[in-house]
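Engineer: Structure in structure tokens, see below.
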Amino acid sequence: MLKQSLQYKLLQKLSPQQIQLMKLIQLPTQAFEERLKQEIEENPALDTGKENFDADDDFSNEYEDAGTEKIEAEDINIDEYLSDDEVPNYKTQANNYTADDDEKNIPYAAGTSFHQSLVSQLNTFNLNEEERAIADFLVGSIDDSGYIRREIIDLVDDLAFTANVFTTEEKVLQVLKKVIHNLDPTGVGARDLKECLIIQLKAKETNKHRELAIDVLENAFDHFVKKHYKKLQEKFNITETELKEINTEISKLNPKPGGSYADNNKIAEQIVPDFSIKIIDGELDLTLNVRNAPELHISATYNNMLKGYQESNKKNKAQKDAVFFIKQKLDAAKWFIDAIKQRQQTLLVTMNTIMHYQYDYFLTGDERRLKPMILKDIADKINMDVSTVSRVANSKYVATPYGTKRIKEFFSESMKNDQGEDISTKEIKKILENVIAEEDKKKPLTDEKLSTILKDKGYPIARRTIAKYREQLDLPVARLRKEI
């Protein structure tokens, strides 16, 4: 039996312009700069008035009224677009600091990447053609932490299929151990943590503790990782003092040999804050960073073309076709300038509301003063959609007197203390972190004991919640925090 029914759906469709605006709002400063460059390259009606972006144009807040009305094809209003002013006034906020107060340039590291360093080191080895091909492939298989996490047989297969190198597992292992494991940083190319630590120990000068440490890792790695110290003492017939010295020896090793290069790369890709909050005369002052943002206006070429059309007595079809093309580019240019204006206003309004909501924190830097705050709290205050606030919070950073912070970090859920007051979960996490930091590492506190301590401090939190917060803080369970 066939059944027919009518279903009504209420759909909210965004225009292409609205979608593009949402994307612009979501972009952090560096990505926004790239988007500006792309638009300028694609639309000849846009011009910056400069060959290069000026990095000294930091913070701004006045806008030229760009307008978004459509142009009629036959009677285009030329005067609306013409401008004899070669100094555009597309700004967002005047800088009220002196030149000495501003940190206009952020240094960027242009160091050698991790893999580039490894490849260059291969040149110091005397390798034949096959060995060099294998070594290059192995270096390319090393992840950012410094490990090769694939089985040797899989590497052999990939060498055959992708590099046209037909070899054996034995040959690959030989190159791995004799070449890759001798690259700097020591431990690179290991297939797991155990091998990584052993490689580093074997590279150190011989001493009693080093030999014992190698023995422990090779023959009782699981016991060591799980901190089963009594079992280790019994298995290797060693004293607690000797075990402590072994533990100290191993703790000096680097579990992620590629990490130092990864940190350098982070410096090279240093975050550019989207906002800056400063304390001036005891008050918070917010500025929006538009570093490298161009001062957009209609290009001089288009000005001249439009003037020629305006002054022409006879307007033929070719001229009208040219102006029709120009008006399309002008519409796009005007919309883009207006979209940037809306983007800047949205960012400023949103961040200003967040700043005042968390005023006590920004004034003191004390994380315990962070108030419970969710996206809806800000969205309701500025009368915007939650998704818009989310776009600002998820991808933007603010420079504060206490360091550069991701805006998302200021948001947290709330819970009630024993006085019935709403407090931020961030405050509880900070207290939990402090309690664990101050515990006796020989007898670390269990989640149950941590729950009791926080209850005594006025925060009634269940053990399972303690476990969740501890994991979010990347803190191990009590047994793994134990020290000798």
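The values are calculated or read from the model by the stated rules, or taken from the named source; none is laboratory data. Only a predicted model underlies this, so the values are computations on that prediction, with no experimental measurement involved. Counting neighbours? That spans all protein chains shown, and the Cβs are built from the backbone with ideal geometry, glycine included. The protein model used for the area step is the full one, side chains on, heavy atoms only, and it has no ligands, DNA or RNA in it. Shrake-Rupley method; radii C 1.70, N 1.55, O 1.52, S 1.80 Å.
Engineer: Filter the range 124-145 down to residues that are over 37 Å from the mean Cα position of the chain (by Cα) and free of Cβ contacts under 8 Å to residues at least 12 places away in the same chain, then give me how many there are.
Structural biologist: Selection size over the range 124-145: 3.
Engineer: Consider VAL165 against the criteria (1) touching a helix residue (DSSP H, G or I) at 6+ places or on another chain (Cβ under 7 Å); (2) closer than 26 Å to GLY259 by Cα; (3) not in a helix (DSSP H, G or I): it satisfies all of them except one. Which criterion is unmet?
Structural biologist: All conditions pass for VAL165, except number (2).
Engineer: Under 8 Å by Cβ, and 6 or more places apart or on different chains, what pairs join a residue from the range 162-178 that is free of Cβ contacts under 8 Å to residues at least 40 places away in the same chain and farther than 9 Å from ILE134 by Cβ with one that is open to solvent by 50 Å² or more (accessible area, probe 1.4 Å) and hydrophobic (A, V, I, L, M, F, W, C)?
Structural biologist: Cβ pairs passing all conditions: GLU169/ILE153.
Engineer: Read through the list (1) surrounded by 17 or more Cβ atoms within 10 Å (Cβ to Cβ); (2) not in a loop (DSSP other than H, G, I, E, B), then give the number of the only condition that GLU170 fails.
Structural biologist: Of the numbered conditions (1) surrounded by 17 or more Cβ atoms within 10 Å (Cβ to Cβ); (2) not in a loop (DSSP other than H, G, I, E, B), the odd one out for GLU170 is (1).
Engineer: Could you check the range 366-386 and list, in sequence order, the residues that are within 19 Å of GLN342 (Cα to Cα) and open to solvent by 50 Å² or more (accessible area, probe 1.4 Å)?
Structural biologist: ASP380, LYS381, ASN383, MET384, ASP385, VAL386, listed by residue number.
Engineer: Report whether or not ASP474 is over 29 Å from the mean Cα position of the chain (by Cα) and free of Cβ contacts under 8 Å to residues at least 60 places away in the same chain.
Structural biologist: no
Engineer: List every residue pair whose Cβ atoms lie under 7 Å apart, where the two residues are 6 or more positions apart in sequence or sit on different chains, the first residue falls within the range 203-225 and is under 22 Å from VAL188 (Cβ atoms) and open to solvent by 40 Å² or more (accessible area, probe 1.4 Å), and the second residue, located anywhere, is modelled with pLDDT under 90 and not hydroxyl-bearing (Ser, Thr, Tyr).
Structural biologist: If the second residue must be modelled with pLDDT under 90 and not hydroxyl-bearing (Ser, Thr, Tyr), the pairs left are LYS204/ARG210.
Engineer: Go through (1) in a loop (DSSP other than H, G, I, E, B); (2) surrounded by 13 or more Cβ atoms within 10 Å (Cβ to Cβ) one by one and return the number of the condition ASP440 breaks.
Structural biologist: So the condition that ASP440 fails would be (2).
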